[in-house]
Amino acid sequence: MISGAPPGRTGRLWLRHRLAVAERAADLLDRKLRILLAEQDRLRRLARRRREEWESRCAEADEWLMRAALLGGRRALRLAADGEAAAVTVDYEATMGVRHPVRAEVAAPPPPGTALDGAVVNRAREACRAALAAAAAYAAAATAARLVEEEVRVTRQRVRAVKTRWMPRLQSALTEIELMLEEQEREDGARLRRLPGRHRG
């Protein structure tokens, strides 16, 4: 018997109600899981695209940095950067209760503009900014995919717990109490038939 279940007919009603709640919970969790799986698939594909874009932008930035270093030396690269950090703003949304990033925007400081700046240094600076923006976009997509993936794992566990543990226990307890009530009704019927005055002459 499940702890907390009252005895007798009240217990039967109590168990039927709990079983109906468990069935509804299983349906809702199944629905949530289907939605999360679709979102997980979408976010994985997005993260792959963002990673490819980031890797491409990094390769381009490396190429332009190499050109700038060859033309102006490392000193030209140091002077082209003012040391001010870029700011990243992340926007969040929720999917089936999972809060995850959807966008990451980078605000890079304006270039210092030195006399040594040339077309190659400016191009290297822009390539680095594009690589930074692509890195932020990839980080947001990869984090979103990871968070939704974790929720998929947890939701699967909950579905399994409800369907393979909680519902069978409730059904077993309900079957047990119904058998007990049927037995009591048979005994009550037999007792009533044996009472004096119940026999017809």
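The values are calculated or read from the model by the stated rules, or taken from the named source; none is laboratory data. Everything numeric here is computed off the predicted structure, so don't read it as measured data. Here the Cβ positions follow ideal geometry from the backbone for every residue, glycine too, while neighbour counts run over all protein chains shown. Only protein heavy atoms, including side chains, enter the accessible area calculation; ligands, DNA and RNA are left aside. Shrake-Rupley method; radii C 1.70, N 1.55, O 1.52, S 1.80 Å.
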Checklist entry - What ranking of TYR92, TYR138 comes out by heavy-atom accessible area, probe 1.4 Å, highest first? => result TYR92, TYR138
Checklist entry - What number, rounded to the nearest 500 deg cm²/dmol, is the helix-based mean residue ellipticity at 222 nm of the chain, given -39500 (n - 2.57) per DSSP H run of at least four residues and division by all its residues? => result -26500 deg cm²/dmol
Next on the checklist: Which one, ASP41, ASP27, ASP188, has the greatest fluctuation when you compute a Gaussian network model over the chain with C-alpha springs under 10 angstrom?
Outcome noted: ASP188
Checklist outcome for this item: Taking Cα pairs closer than 8 Å and at least 6 residues apart, the relative contact order of the chain in percent is 33 percent
Item to check | Convex hull (Cα only) mean projected area of the chain, reported in nm² to one decimal | outcome: 16.9 nm²
Checklist outcome for this item: Helix 8-80 sits off the longest principal axis of the Cα atoms of the chain, rounded to the nearest 10 on a 0 to 90 degree scale, by 10 degrees
Item to check | Karplus-derived HN-Hα couplings along the range 142-157 (A = 6.51, B = -1.76, C = 1.60, θ = phi - 60°), whole Hz, x at Gly and Pro | outcome: 5, 5, 4, 4, 5, 5, 5, 4, 5, 5, 4, 4, 5, 5, 4, 4
Next on the checklist: For a quick check, take a GNM of the chain with Cα springs below 10 Å and name the residue from ALA69, ALA144, ALA26 with the largest mean-square fluctuation.
Outcome noted: ALA69
Checklist outcome for this item: Measure of exposure for ARG50: accessible area at 1.4 Å probe, Å² rounded to 10, is 80 Å²
Item to check | Rounded to 10°, Cα long-axis angle of helix 167-194 versus longest principal axis of the chain | outcome: 10 degrees
Checklist entry - Which distance in nm do the two modelled labels at GLN157 and GLU178 give, with both placed 7 Å along the Cα-to-Cβ direction? => result 3.3 nm
Checklist entry - With every protein chain in place, what's the accessible area of MET66 (1.4 Å probe, Å², nearest 10)? => result 110 Å²
